[in-house]
Amino acid sequence: MNAVETRGLVKVYGGRRRVEALRGVDLEVPSGVVFGLFGPNGAGKSTLLSILVGLVLPTRGEARVLGMDAVRQSVEVRRRVGVLPEGFGFYEHLSGLENLVYLGMLDGMRRSEAEERARRILGEVGLGDAAEMPVKGYSRGMRQRLGVAQAVMKNPDLVLFDEPTQGIDPEGVAWFKEYVSSLRRSGKTVVISTHLLGEVGTLCSHAALIYRGRILVQGEFTEIARRVAGESEYRAVAVFPNTAMAEAAHKALAGRGVEAALHAERLYFKLGPGEAEEALREAGLHPPPVSPFPVDWADVFFHYLRHAERGGE
């Protein structure tokens, strides 16, 4: 059984300016995987997650979560699904422990049960020593860890994270990746909605790319990568340490008549990997490793988004 299935999901927001946030979304999230929901800001990711937990009603279509109807059985869905929405807030004057105990009791736990579980989870997320501290004294990274803690407080079967690494430092990102891996190893299904593929894309064995309310592609990485390699004009990719180095390399290659597409810290070549590396060296550069295209989800995203923006949606 899939953890999530949607069919023909449409969401239209009314008012003066009619906005079609979702346009016929068919999505399948296998159980027991870390699944990426990737797309630019405004693509419909947050709307989709809100529908899955019954916070927003779809205009048309259906959504099933853990075998339950997300609309008709929304209360039961929320009992079994943990969520970290983007910008989740806490009671500033309460401690981290008090916030979690309060949320646990709202979910039907006895106070003693909620406190025992909250203390254990705060330890797991690295906040054991800050459990009694008022949240107003928490750093941004600590708040994000507390948000992760509240998402798993009820021991859910499915966890949804919306932009979980935005604004946190590299150490916090590394911690988040390890914690999500531990959730997967314990048998939970995790969905991560983000536009920051470089930070969490490596966690995801499966993903869907959403653009302007439509799913461009979805599935397991190896299968999609094979398809992309067969469709794309590009054969190699060089990933530089930063965008400035990629831009400098792009300029040097252009001066020698070598064609390459620049996207953030990456250069895409129609040449093979060996030829691309040789071209970089001939331009007086010390190239990073040059790999067959695509390397990761960021390359898949580049391929499909480029196609969609050129009118091939």
Problem set entry | Residues of the range 61-116 satisfying the condition of being closer than 30 Å to N2 by Cβ, free of Cβ contacts under 8 Å to residues at least 40 places away in the same chain and either hydroxyl-bearing (S, T, Y) or in contact with a strand residue (DSSP E or B) (Cβ under 9 Å, 6 or more places away or on another chain) (or both) | D69, A70, V71, Q73, S74, E76, V77, G87
Problem set entry | Residue satisfying all of: in the range 70-105; in contact with a helix residue (DSSP H, G or I) (Cβ under 9 Å, 6 or more places away or on another chain) and of a type in the set (V, I, T); surrounded by the fewest Cβ atoms within 10 Å (Cβ to Cβ) among these | V71
Exercise. Somewhere in the range 152-162, is a residue touching a helix residue (DSSP H, G or I) at 6+ places or on another chain (Cβ under 8 Å), in contact (Cβ under 8 Å) with a residue 60 or more places away in the chain, under 13 Å from G36 (Cα atoms) and not in a strand (DSSP E or B)?
Worked result: no
For this session: Return the only residue of G141, G172 being modelled with pLDDT under 95, assigned to a helix (DSSP H, G or I) and within 28 Å of F221 (Cβ to Cβ).
Result: G172
For this session: Would you mention how many residues in the range 259-297 are surrounded by fewer than 21 Cβ atoms within 10 Å (Cβ to Cβ), hydrophobic (A, V, I, L, M, F, W, C) and touching a helix residue (DSSP H, G or I) at 6+ places or on another chain (Cβ under 7 Å)?
Result: 5
For this session: Consider E124 carefully, then state whether it is in the same structural domain as V34 (by TED's automatic domain parsing) and touching a residue at least 24 places away in the same chain (Cβ under 8 Å).
Result: yes
Problem set entry | the range 24-51: number of residues that are surrounded by fewer than 16 Cβ atoms within 10 Å (Cβ to Cβ) and farther than 19 Å from R184 by Cα | 5
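Among the residues that make up the range 33-51, is at least one of them in the same structural domain as F221 (by TED's automatic domain parsing), farther than 26 Å from R119 by Cβ and over 16 Å from the mean Cα position of the chain (by Cα)?
Within the range 33-51 (the criterion being in the same structural domain as F221 (by TED's automatic domain parsing), farther than 26 Å from R119 by Cβ and over 16 Å from the mean Cα position of the chain (by Cα)), the answer is yes, since at least one residue qualifies.
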Problem set entry | the range 214-240 - residue that is of a type in the set (S, T, Y) and out of contact with any helix residue (DSSP H, G or I) (no Cβ under 6 Å at 6 or more places or on another chain) and, of those, nearest to P289 (Cα to Cα) | Y234
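Which one of these is in the same structural domain as V180 (by TED's automatic domain parsing), over 16 Å from L209 (Cβ atoms), surrounded by fewer than 18 Cβ atoms within 10 Å (Cβ to Cβ) and touching a Ser or Thr at 6+ places or on another chain (Cβ under 8 Å): G67, G61, G54, G15? Quick ask: steps written out before the conclusion?
Values: G67 fails: touching a Ser or Thr at 6+ places or on another chain (Cβ under 8 Å); G54 fails: surrounded by fewer than 18 Cβ atoms within 10 Å (Cβ to Cβ); G15 fails: touching a Ser or Thr at 6+ places or on another chain (Cβ under 8 Å).
None of the other options fit; the residue is G61.
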Exercise. Of all the strands (runs of 3 or more DSSP E) wholly in the range 201-313, which have at least 2 residues that are out of contact with any strand residue (DSSP E or B) (no Cβ under 7 Å at 6 or more places or on another chain) and more than 23 Å from V34 (Cβ to Cβ)?
Worked result: 260-263
Exercise. For the range 1-23, which residues satisfy the criterion of being out of contact with any Lys or Arg (no Cβ under 7 Å at 6 or more places or on another chain), modelled with pLDDT of 95 or more and over 18 Å from C204 (Cα atoms)?
Worked result: T6, R7, L9, K11
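The values are calculated or read from the model by the stated rules, or taken from the named source; none is laboratory data. All values derive from a computational prediction rather than experimental measurement. Heads up, the Cβs are rebuilt from the backbone with ideal geometry, glycines too, and the neighbour counts pull from every protein chain shown.
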